[in-house]
Every structure is written in C-alpha cells, then in structure tokens.
2 protein chains.
Amino acid sequence: MKPLSVKLKPIENLTQVDKIELTLQEYLRSGNFMPGDSIPKELELADALGVSRTAIREALSRFKTLGIIESRKNRGMVISTPDILGNMERVLNPQLLDDETMREIFELRLVIEMGLGDLLFKRKTDAALAKLETIVEKCEKATNKVEYIKNDAEFHAVLYKLSGNKTIQRFQKMLLPIFEYILKRMPGVADTRETTNYTSHRALLEILKNGTPEEFNGQMRDHLRNYFTI
Amino acid sequence: MKPLSVKLKPIENLTQVDKIELTLQEYLRSGNFMPGDSIPKELELADALGVSRTAIREALSRFKTLGIIESRKNRGMVISTPDILGNMERVLNPQLLDDETMREIFELRLVIEMGLGDLLFKRKTDAALAKLETIVEKCEKATNKVEYIKNDAEFHAVLYKLSGNKTIQRFQKMLLPIFEYILKRMPGVADTRETTNYTSHRALLEILKNGTPEEFNGQMRDHLRNYFTI
DNA sequence: TTTGTATATATGTAGTACATATTTATAAAC
DNA sequence: GTTTATAAATATGTACTACATATATACAAA
C-alpha cells in the first residue's frame, strides 16, 4: 500500500472548551493584565462568547489549575502570580515519567551543581561555612552508609541554600526523588556517595573558604564524575 | 493590643472539589498506576465518592490540565505521561512573574550554562563543531548590534543542542523570553552581548575543539561574568 | 467607633437532558 | 472470508436550571 504522507495532519479536533481556552488565553495576553487585576465574571464571559457557563467554568478551571487566576466567592476572578515550579512539582512522579526524561533531569541536576560556584562565592557567609563545617565533620565520622547518604544530602542542601537563589533551591529539592530513583533503579549508574564523599566534601569546603569559584567547580566535577557514566 | 499568635492559621477552607482532588491524588498514587492504565469512569467515581459528576469532572479537569490523565469519548480516562516542562512553559510570562523570581530564573540559566562543559565534551560531534564554526565566523563579521545578538542566540542554542539533553535544551528555550526581559528592563544588568562575544565565542569554540571541560567552563564564566552583577 | 443584621452577588455544587464521538456487534456485499 | 455498511451501546462533552455558600456592601443598633 502507498504510505500516507506524513504531512497529512489529523483534522483539528478541538473541543469547545479548548477553543474557549485559546480565546481566553489570547484575551489575557493581549489585555496586558497584571496580578491583582480582575476579569469579567463567568456569566459575562459565557454571554460574550455565546457558550454555557459550564464550558466557561471548565476553561477557567484550567487557568486556575495553572495558577494564572484565582477565584473567590462573590469577588470574581483575579489574575495571580503563578508558581512556576509548583506545576512541575505536581507531575514529577518517577512512576509516570519515562526513563529518558528522568535521565535528563538527573543530568540537569549535575549540570546545575557544577555551575553553582560563582553564586556560592558571591553569597557565602561565615555562618553558612560554619554550618557546612559541622556537616563535613559529621560526615567524616560517619560509620555506615545510611549516615553517609544522610550527610551527603544535607551537605548539598546547605550548598543550595547558600546559593541564595530560592528557585534553584526549590528546584533541587524537587529533583531529589528523581535522583534517588535513578541511583536505585537505573543500570550503569553507581551510587558512589559512600566512598567519595568524606574526602570530597572536605575539599569542597576548604575551597569554598579559601579558594576560587573555578577551583570549586573543578572539585565539584570531580565529586560528581562517577555519575557521568550515563 | 496583644498581637495575634503567628501560629494561628486560617481554618482550612477547602472546597468540595479540592477534597476530591486530594482523594483522587491519593488514589492515583497508592494505585501504582502506569501510563496507559485506565481509571474508573466519571459516574463510577462520582458514585464511589458520593458527589456529583460535576464536581468529579472539575477535579479530573485539573489532572487533565496537568497532563496526568487524558480522556477520550467512550474510552474513559487513562493515565498519561505528563510533560514536566509544559506546565511551566504555560505560566512563564514575564508580565505575571515578580522581578525576584525572574532574577532567579536568569541566574539559573547562567548556572546551567556554566556547568554544561562536561556534557558538551562528552557528546560533541564534528558536524556540530563545524556548525559552530560557521556561526562564530558570521559573528566575527557582524557589523551591527542586531546581528550580534542574533548570532549570540544562535551560538548558545547550538551549544544547548550539542548537550544532547532535550530537557535542558527545551528549558533554555523557554527561559529566553525571561532573559530578554531582564536585559531590557532590569536596572543594573548590562547587555554586553555586543562587545564581548566576537572574541569570546571564538575562544569557547577553540576550547571545545582542543581543550578540556574545565577550560570551557572557565571561559564560559568569563563570557557571562558581566551578568553576574545582579 | 464598633457590632450586628439584611441583602445582593459571584462562585461552588447538584442534577437532568442531550450532543458527540468511538467502540462493539451485526448484517450486507464482494 | 474479507471488507464495507449499518445500528446500538457507551463514556465523555456541553447546556441549562436550581440552589448552596461565602463575601462585599449598606445600613441599623449598641
């Protein structure tokens, strides 16, 4: 049989609500709305678009889910500031994601960690360094794998906090389950947290105290190099 | 007056649909569903939870918005693989986000770019290097700011592509509008793309050809250093 | 000035009816 | 026997109505 042209696209099968969503999206975009601005009430929108309140509500519900608008009884709908990571967080489920995507997220985490040096040096404080010091010491005294891993997580968490960037910090926190999943389930990725850390963390800390961002990034590369076998 | 204790939290004001969402979320989580698995139809869920189909539909609509489930007529609902970046993309609107968040996103992009070296060296190909070569040459011949900026964007885009990580690549693409917004609107951030690039890009490329990841990351730091004044 | 009460209003929930698309079964045609 | 038409069944999609619920507003009472 002659193969169908790949250019043959399925006819657009948008539901009513899909169209309403697009219309409202364009309306919101072109209206230059700012957070706090209110939009017409459901009945007005339904009337303006010539559709039922049911359909309008479902379209609005999507925006509400994304955090673009908020609604309160008798106050109508207002534009809100969406939480850019919140939506991602809600779907970051290892059960649902495919392996390739998780591998890529894993890599993204590594990349971030290796590029973090400058932020850390820019915002490090004596208090934070002291805190890292105690963690590294605990790490050096750890006697079993569980303790190692716990301290490792804490060390990196404090580093991220030290970056002074709440978005990056949250991002990393979200990615932790993926990280664990990869280490446990993926073939070819060795969990080296036990063997490398207790010297490596010390080195990172010393560089952070007296070294340069370049040195730090380099040491971090070394710290994470085993994960790069993916 | 005695100040109210900050521990005094507002009483939980969850709507019916909110509760349904939580219930279904738990149901989905504990059920170990995989993409492709189907879930009970709306009427069954409504019946099981003792609520109207209307409310069930609104709760399901949220999951649909997040990409966790999909629905088709007469086929019911099936678990799907969510697009982790898709939801973020839909709300990445400079108009709606606050300046602090955008600054942090801007930083995140810088961090990623400075930690990208290893991936690039691991996956570089002759073809990609050749492509970068032509871009750098164009860049060196550029005569006005518009050309510089265009080439700069292209150079970085090819770098990201070279990383072989589609998630990172998409992520960067999504962040571009934020990047542009920051450069244009934020005080204290100088747009130095014109003055630094034509030498800096060449250096990056030469390192990528014959150098090491460390050298590359270092040069990238230099390439981006002006943005770190935030 | 505060506190209570009534009223209007916009969203939230329920229920019914029907539209629409897709599967399944069955019959007809070659 | 394989394909093609046709019909019935089914689950989601849309519309409409009615009422519940929370909140703003106005006004009265303390």
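General remarks:
- Largest accessible area first, the listed residues B:Phe228, A:Phe63 line up as B:Phe228, A:Phe63 when surface is computed with a 1.4 Å probe on the assembled protein chains.
- Using alpha-carbon coordinates, inclination of helix A:193-210 to the longest axis of chain A, degrees: 90 degrees
- Over the Cα atoms of segment A:16-82, the radius of gyration divided by the Kirkwood radius equals 0.92; this is the Rg/Rh ratio.
- The protein assembly as shown - Kirkwood radius from inverse mean 1/r over Cα pairs (Å): 25.0 Å
- Average accessible surface area per residue within the protein assembly as shown, 1.4 Å rolling probe, Å²: 53 Å²
- Too-long pairs where the Cα-Cα distance tops 28 Å, listed order kept, from A:Lys138/A:Lys173; A:Lys150/B:Lys209; A:Lys138/A:Lys184; A:Lys122/A:Lys145; B:Lys138/B:Lys173: A:Lys150/B:Lys209; A:Lys122/A:Lys145
- The mean count of C-beta atoms from other chains within 10 Å of the C-beta of residues in A:61-67, rounded to a whole number, is 6.
- Taking the average, over residues, of other Cβ atoms within 10 Å as the packing measure, peptides A:111-118, B:81-88, B:51-58, B:11-18 rank A:111-118, B:81-88, B:51-58, B:11-18 from highest down.
- For segment B:40-184, the pair-distance distribution built from all alpha carbon pairs, in bins 10 Å wide starting at 0, is 9, 26, 25, 18, 13, 7, 2, 0 percent.
- Other protein chain Cβ atoms within 10 Å, averaged over every residue that makes up A:29-41: 1
- Residues of type aspartates and glutamates that A:Lys131 reaches as a straight line, Cα spacing below 18 Å, ignoring anything fewer than 8 places off in the same chain: A:Glu140, A:Glu147, A:Asp152, A:Glu154, A:Glu206
- Listed by chain and number, the lysines whose alpha-carbon sits under 29 Å from that of A:Lys73, ignoring those within fewer than 8 places in the same chain, are A:Lys19, A:Lys41, A:Lys64, B:Lys7, B:Lys9, B:Lys19, B:Lys64.
- Sequence of A:Ser71, A:Ser200 when ordered by accessible area, the most exposed leading, probe 1.4 angstrom: A:Ser71, A:Ser200
- With its label point put 7 Å out from Cα toward Cβ, B:Glu89 sits 2.3 nm from the same residue's point in the other copies, in order from shortest.
- Tilt relative to chain B, helix B:166-185 - C-alpha long axis, 0 to 90 degrees, to 10: 70 degrees
- Relative contact order for chain A, counting Cα pairs under 8 Å that sit 6 or more residues apart, in percent: 18 percent
- Between A and B, buried accessible area from a 1.4 angstrom probe totals roughly 4900 Å², ignoring ligands, DNA and RNA.
- Per residue of B:96-102, other chain Cβ atoms within 10 Å of the residue Cβ number 4 on average.
- Solvent-accessible ranking of A:Tyr181, A:Tyr227, largest area first, probe 1.4 Å: A:Tyr181, A:Tyr227
- Percent accessible area from carbon and sulfur atoms, the protein assembly as shown, protein chains only, probe 1.4 Å: 53 percent
The values are calculated or read from the model by the stated rules, or taken from the named source; none is laboratory data. Quick caveat: nothing in here was measured; it's all calculated off a predicted structure. In this analysis, Cβ positions are derived from the backbone assuming ideal geometry, glycine residues included, and neighbour counts consider all displayed protein chains. Just the protein is used for accessible areas: all its heavy atoms, side chains included, with ligands, DNA and RNA removed. Shrake-Rupley method; radii C 1.70, N 1.55, O 1.52, S 1.80 Å.
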